[in-house]
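A short worksheet on the structure shown next.
No lab work stands behind these numbers, since they all come straight from the coordinates. Please read these numbers as outputs of a predicted model, since none were measured by experiment. Note that each Cβ is placed from the backbone with ideal geometry, even for glycine, and that neighbours are counted across all protein chains shown.
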Amino acid sequence: MLRRLALLLCLFGIGIADAQAVDGVTNQQISFTSNDGSILAGTLTLPAGTTEKVPALVLLQGSGPTNRDGNQPPVLRTDLLRQIAEGLALKGIATLRYDKRGLPANAASIPADPADYASYFDWGRFVDDAYAAYAFLRAQPIVDMAKTGFLGHSEGGLIALDLTSRLIAAEQPAFLILAATPGRPLGQVLQDQIAFKLTEQKASQAQRKYFLSENERIIKAIRETGRIPDNVPPGLAPLYYAAFLGPFLQSWFKLEPAMLAAKYAGPVLLIQGDADIQISSERDALALDRALQQRGNDDHAMIVLPRTSHNLKPLQGDKDPGFEGEIDPQLTGRIATWLLSKMVP
């Protein structure tokens, strides 16, 4: 039971895909340097032929060995971030997306000594990477520095929220777009995902109680010590497969997404598929929605997409996992319309 647990909560790996050019869009292959000296490869996607400064977004992918396009080759191919980037470029919005540290395009920066992995893959490093991408994007001549923000998908939304909470006023993003982003602490979300998988696998009540209680114990230990316990049950091992991930997971489990969202004063757009089996439209999107409503002078909107998956793909049938295909072209139009409406002259 649970040996084939396939959550997008594994934390790093390999995979890269080349950007594809389309009419009306210019893709530039770039690299930038993060706070620890790591060089990260990415793609700057621009509206073709534009000479005036344009608004821009850093696109942050979800968890796992996810590359700049939103893929985990050879297992998973969604092209989610590539589709968003090219769709927004056609609407006059620039984007920067990049491969996570640990992926082949960034292999030169991976420590030679495994003893250094815990530091290299610490949560704070991923937040630093997002800041470095943001600074790089704002420095581009075609980008309007005052009209730059983040679009984070799933874990990427958490990184955007955490980073924003650390920035001084002069560096605050002009807007945040949170797509399929957890609104509760990750331990609660993970428990829900495991419960869903157990139901799908027709686990007995005893099995269900065992795995959920064991996972709760593991999360508690990681939160308190920053270490993954030695006695992880085999069925949960795919989630806790490397000891060096303990500090990453400790930071991850301590995040309070709704609280972070409430601290941000700028415009926020929430995007959530109602058929998302990883992030709940009721428990997560509404938690963020409620937190944002508590802000003074609140300015946020929420888009709930019917029959749409975690990867923002319209489902083609009851057994469609929602990984492949194109996102609804109206979605990028709605994102662009919202974003451009928030532009200060």
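A few comments on the model shown:
- Virtual spin-label span in nm between residue 343 and residue 31, 7 Å along Cα→Cβ: 3.3 nm
- Percent of Cα pairs exceeding the 23 Å cut-off, where the set is the range 47-157: 33 percent
- Tail weight of P(r) past 20 Å, computed on alpha-carbon pairs of the range 143-287, percent: 54 percent
- When you filter the trypsin sites (Lys or Arg not before Pro) in the range 170-224 for DSSP loop state and at most 13 other Cβ atoms inside 10 Å of their Cβ, you are left with 202.
- The range 65-71 - phi-based ³J(HN,Hα) in whole Hz, Karplus 6.51/-1.76/1.60, Gly and Pro as x: x, 9, 8, 4, 8, x, 10
- Rg/Rh for the chain stands at 0.95; both radii use Cα atoms, and Rh follows the Kirkwood definition.
- Per residue, the convex hull around the alpha carbon atoms of the range 203-315 comes to 146 Å³.
- Summed over all non-identical Cα pairs, the Kirkwood treatment of the range 268-319 gives a radius of 11.6 Å.
- Centroid-to-centroid separation of the range 115-146 and the range 323-344 [C-alpha atoms, Å]: 24 Å
- Lysine pair number, Cα distance threshold 19 Å (strictly under), the chain, separation 8 or more or different chains: 13
- When the chain is treated as a Gaussian network with alpha carbon springs shorter than 10 Å, the biggest mean-square fluctuation among 327, 159, 277 belongs to 277.
- For the residues 214, 86, 155, a GNM of the chain with alpha-carbon springs under 10 Å puts the largest fluctuation on 214.
- Whole-Å distance, taken between Cα centres, linking the range 184-245 and the range 51-79: 28 Å
- Computed [θ] at 222 nm, helices only, for the chain once each DSSP H run of length n ≥ 4 contributes -39500 (n - 2.57): -10000 deg cm²/dmol
- When the alpha-carbon atoms of the range 186-252 are used, the pair Rg, Dmax equals 11.8, 33 angstrom.
- Neighbour cut-off at most 14 other Cβ (10 Å), DSSP loop, chymotrypsin sites (Phe, Trp or Tyr not before Pro), the range 230-312: 241
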